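Peer 1: Got a structure here, written out as structure tokens. Questions coming.
Coordinate-derived values only; no laboratory data. None of these values were measured; they are calculated from a predicted model. A quick note on method: Cβ atoms are made from the backbone with ideal geometry, for glycine too, and the neighbour counts reach across all protein chains shown.
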Amino acid sequence: MTRGNFTFAAVIMNRYLHRMDVNTIFRLRLDAEMKAQGLNPAALSVKAGLNRRAVKDVLEGRSTSPKLSTAHALAAALGVRLEVLTGDASQVVIVPQLLELLAQYDEVAQVRLAEAILNLPPAPGSAR
């Protein structure tokens, strides 16, 4: 899968990302970046010089707070700055299925879609 334009994510997700803890953000961004590069958990673990289950343990929540050295190894293996995985970078992660869908549209259409979604009534119990 190739990366699409993050315009939609910037409009929608910036409102909600600050509510997540850093471990959740790390897990979501790790998963999205791994999938964007066509890697599976075992392949990324090996590429990072970790045991084959390391990434799977992080993604499944068995390793809830990975060591800094593990986080650095994963970022290096993915070719991204650690800030991208920890949520300190401006890049926003969206679920791969939504990214695939949005990649079909140009930036103008993505902004129109984001505006349409933001104009929907909030879901019951939503803090939006």
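Peer 1: Around L44, under 15 Å between beta carbons, what's the net of Lys plus Arg minus Asp minus Glu among the other residues?
Peer 2: That sum, taken over residues with Cβ under 15 Å, equals +3.
Peer 1: While we're on this one: For a Förster distance of 25 Å, can you work out the FRET efficiency between the beta-carbons of V46 and Q97, rounded to the nearest 0.05?
Peer 2: The formula returns an efficiency of 0.45 here.
Peer 1: Describe numerically, in nm with one decimal, the distance between label points set 7 Å from Cα along Cα→Cβ at D88 and at A109.
Peer 2: 3.8 nm
Peer 1: Compute the distance from the alpha-carbon center of segment 97-117 to that of segment 44-60, in whole Å.
Peer 2: Each part reduced to its Cα centre gives a spacing of 32 Å.
Peer 1: For every other residue with a beta carbon closer than 13 angstrom to the beta carbon of R62, add +1 if it is Lys or Arg and -1 if Asp or Glu, then tell me the sum. Please report the intermediate quantities before stating the final value.
Peer 2: Values: positive: R27, R53, K56; negative: D57, E60.
Net of charged neighbours comes to +1.
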